1. Of the peptides 144-151, 90-97, how do they stack up when ordered by the mean number of other Cβ atoms within 10 Å, highest first?
2. What residues have an amide H closer than 5 Å to that of Leu123, excluding those fewer than 5 places away on the same chain, when H is modeled at 1.01 Å from N in the peptide plane?
3. Would you mind computing, in nm to one decimal, how far apart the modelled labels at Asn257 and Gln275 are, each placed 7 Å from Cα along Cα→Cβ?
4. Given a Förster distance of 30 angstrom, what is the FRET efficiency for Leu100 paired with Arg172, based on the Cβ-Cβ distance and rounded to 0.05?
5. Which net charge results for the neighbourhood of Ser293, defined as the other residues with beta-carbon distances under 11 angstrom from its beta-carbon, given Lys and Arg at +1 and Asp and Glu at -1?
6. Can you sort Ser134, Ser223, Ser283 so the residue with the fewest Cβ neighbours within 10 Å comes first?
7. So, counting K/R as plus one and D/E as minus one, what does the shell of residues with Cβ under 9 Å around Ser246 add up to?
Amino acid sequence: MKNKLFLLPLILTVILAVVTFSCQTFMAIADVSAQIAGATGIIDPNVADAISLSARAIGSAAEDITPEQEYFIGRAVAANILGSYTIWNGNPALTAYLNLICTAITVNSPRPDIFSGYHVAILDTDEINAFATSGGHILITRGLISAARSEDALAGVIAHEIAHIQLQHGIRAIRNNRITQALLITGTAAVGAAAGMDVNELTDVFNETIGEIVTTMVNNGYSQTQEFEADNTAMSLMASAGYNPSGLLDMLRVLTNIQVAGSAGFGSTHPTPTQRLDNAQRSVGNYTAADNSSSRIARFTAATR
């Protein structure tokens, strides 16, 4: 038991090491632990295995997610969303119009290029909602498009989703989940080793499933802080592209009225439009652009009629 309890300070050392050591170092720690257990018998084999499992979990949590992985994660998330919705192809010109707005925003943004580019599609539902995946997929419902009163308002919706992608909010959620799961593994391994369990009998809860990612990114939505950050970044992106940042405020005012009327969908994945509007009103003065929205009235009307 004394040797088994020796696990606890070792695991704490591994956790603290995540700040300064690389993933390769964690794997080295795991290997050395196993070698010590096998060669000297100082550490109980179950304890050594638990240390090794914890080290691998924390090392994996610290790994960067590559642009390619961002794309394939995003594609899987988009596929799951499309399990509940269908793409609307009733107006190809409108889809092309939304993609042109998206291009105008992204080409003037800090991150104009991602692995497979940015793509906007329309979901065939009257719900008021929009989704973005780390793969650059931006999915906007017919209901949300119908609620927009100007191109600048639509640009606000698209810029908000682009902001989620460029700020890597979905990827951050995955990283946070990894760290949480790594700590769970560490605790589970400690308990299992103290109880004399073979580490192979412990449940491996570290492997994320696409379903869990969808729950985090879509069903539960982003945190209020992330939504506010996305709105502020959206106004900056709009100004850089020549759109009036107040277009986002116009969209939020419309959504506030719709929410009061009891619209479904939007409120389940975002802070209330009223909360977002209050935040945006405090920040909009930081982002300026010439108000030339009147020049876009004709094409907005033609695209959305």
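Only the coordinates and a few stated rules stand behind these numbers; no lab work does. Computed from a prediction, not measured in an experiment: that's the story for all the values here. Using ideal geometry, Cβ is built from the backbone for each residue, glycine included, and neighbour counts are taken over all protein chains shown.
1. 144-151, 90-97
2. Trp88, Ile140, Thr141, Arg142
3. In this crude spin-label approximation the distance works out to 2.4 nm.
4. It comes out at approximately 0.55.
5. Combined, the nearby Lys, Arg, Asp and Glu give -2.
6. Fewest to most other Cβ atoms nearby, the residues stand as Ser223, Ser283, Ser134.
7. -3
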